[in-house]
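Read-outs throughout are calculated quantities, based only on the coordinates presented, and are distinct from any laboratory measurement. Just so you know, these numbers come straight off a predicted model, no measurement behind them. Using ideal geometry, Cβ is built from the backbone for each residue, glycine included, and neighbour counts are taken over all protein chains shown.
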Amino acid sequence: MAQQRLDKLLASTGLWSRAEVRELVRRGRVTVDGVKAGKPEDKCAPGAKIAVDGGEVDCTPHVYLMLHKPAGLLTATEDKNQPTVLDLLPAHLRRRGLFPVGRLDKDTEGLLLLTDDGPLAHRLLSPKKHVDKVYYARLEGRVGEEDAAALAAGMTLGEGLECLPALLEPLGDGSECRITLREGKYHQVKRMLAARGAPVVYLKRLSMGPVWLDEGLKKGEWRPLTAQERSALELAGDED
C-alpha cells in the first residue's frame, strides 16, 4: 500500500475536515509514530500510528459494522421522507459513505452489515458466491416436513421466479422456523412461506455468511466487526 498524505488520512475518518486537520497540525496536536507532525501534506507509511491529543486515531481504509436493525427503518443510505438505518450512526461515520450490504424489509429485524468496502459487498451479494443467510420467522400457520422438502427442492414463485434450494427447519409446533437461503430475491422468505400457506408475521435475520448477529446488541445498536469476523467475510463463498 502506498504512502498517503497525513491530512487526507485524518480527514477520511470523517472526524475532521481538511481545514481542521491543518489547524490541528499547526497547533502541534498531531503525532505520527510518536513524533510531532510537521506539515499536513507529510506522507505516512502504511500502518503508521497517528494520534491527536495523545489518542490514537483509526485511519484504516474501510469501515465494517454490525447493526442490529430494528423494525421501522428503511435499509437505505438516505430517504427524504423516512428514517434509514444510517440515521442510527454518529455523524462522522455517516460521512464515511457507508452503505448496507443487501437489504432488509422495513419491518424485518436483525443482522445488517454496513461498510464502505464496495468489492467486499459485491462478493457477499454475488449470486455466483451463494453466501448463506439465516433467518428466524414466526408464522401464521405451521410448517412441517413437506414444506421443508418443497423448499429443499427449489420453489418456483409467482411470475415464474425460480428459487435455489433452501433449508427450512421447523421449530416447536411448526409455527416458528429457521430458514437458510443462498440468494436474496425480493421478499423471498415471505413469498416462499406464504406460498406454503404459512405467512410470516415476524422475521429476523440471524447471519450473513460466517457472521452471526451479536445478541448482546440491542435493537438499534451497532459495533465494529472483529478482525476474525472481517477475515471470515473475506473468505465467504470462496468454496463455490
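This table checks each residue for (1) in contact (Cβ under 8 Å) with a residue 40 or more places away in the chain; (2) more than 26 Å from residue 182 (Cβ to Cβ); (3) touching a strand residue (DSSP E or B) at 6+ places or on another chain (Cβ under 6 Å).
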{"residue": "82", "(1), (2), (3)": "no, yes, yes"}
{"residue": "87", "(1), (2), (3)": "no, yes, no"}
{"residue": "100", "(1), (2), (3)": "no, no, yes"}
{"residue": "105", "(1), (2), (3)": "yes, no, no"}
{"residue": "130", "(1), (2), (3)": "yes, no, no"}
{"residue": "135", "(1), (2), (3)": "yes, no, yes"}
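Which residues, counting only those in region 215-240, are under 26 Å from residue 176 (Cβ atoms) and either crowded, with 16+ Cβ neighbours inside 10 Å or touching an Asp or Glu at 6+ places or on another chain (Cβ under 7 Å) (or both)?
To start, the set of residues in region 215-240 that are under 26 Å from residue 176 (Cβ atoms) comprises 215-221.
Within region 215-240, 219 is the sole residue that qualifies.
Do we have any residue at all in region 113-124 that's of a type in the set (Gly, Ala, Ser), under 15 Å from the mean Cα position of the chain (by Cα) and surrounded by fewer than 16 Cβ atoms within 10 Å (Cβ to Cβ)? Yes, because at least one residue in region 113-124 is of a type in the set (Gly, Ala, Ser), under 15 Å from the mean Cα position of the chain (by Cα) and surrounded by fewer than 16 Cβ atoms within 10 Å (Cβ to Cβ).
Checking the conditions here, which among 191, 178 is touching a Gly at 6+ places or on another chain (Cβ under 8 Å) and over 16 Å from residue 114 (Cα atoms)?
191
Scan region 65-80 for residues that are part of a loop (DSSP other than H, G, I, E, B), surrounded by fewer than 21 Cβ atoms within 10 Å (Cβ to Cβ) and not hydroxyl-bearing (Ser, Thr, Tyr) and the total you get is 7.
Scanning region 35-64 for residues that are surrounded by 13 or more Cβ atoms within 10 Å (Cβ to Cβ) and part of a strand (DSSP E or B) returns 43, 44, 50, 51, 52, 64.
Within region 199-217, the set of residues being in contact with a helix residue (DSSP H, G or I) (Cβ under 7 Å, 6 or more places away or on another chain) and assigned to a loop (DSSP other than H, G, I, E, B) comprises 199, 209, 210.
Taking the stated definitions as given, is residue 85 surrounded by 15 or more Cβ atoms within 10 Å (Cβ to Cβ) and aliphatic (A, V, I, L, M)? Against the criterion (surrounded by 15 or more Cβ atoms within 10 Å (Cβ to Cβ) and aliphatic (A, V, I, L, M)), residue 85 qualifies.
Please enumerate the residues belonging to region 139-163 that are exposed (fewer than 14 other Cβ atoms within 10 Å of the Cβ) and not β-branched (Val, Ile, Thr). It would help to see each step written out before you state the result.
Looking only at region 139-163, we keep the residues that are exposed (fewer than 14 other Cβ atoms within 10 Å of the Cβ), and these are 140, 145-146, 149, 152-154, 156, 158-162.
Answer for region 139-163, where residues must be exposed (fewer than 14 other Cβ atoms within 10 Å of the Cβ) and not β-branched (Val, Ile, Thr): 140, 145, 146, 149, 152, 153, 154, 158, 159, 160, 161, 162.
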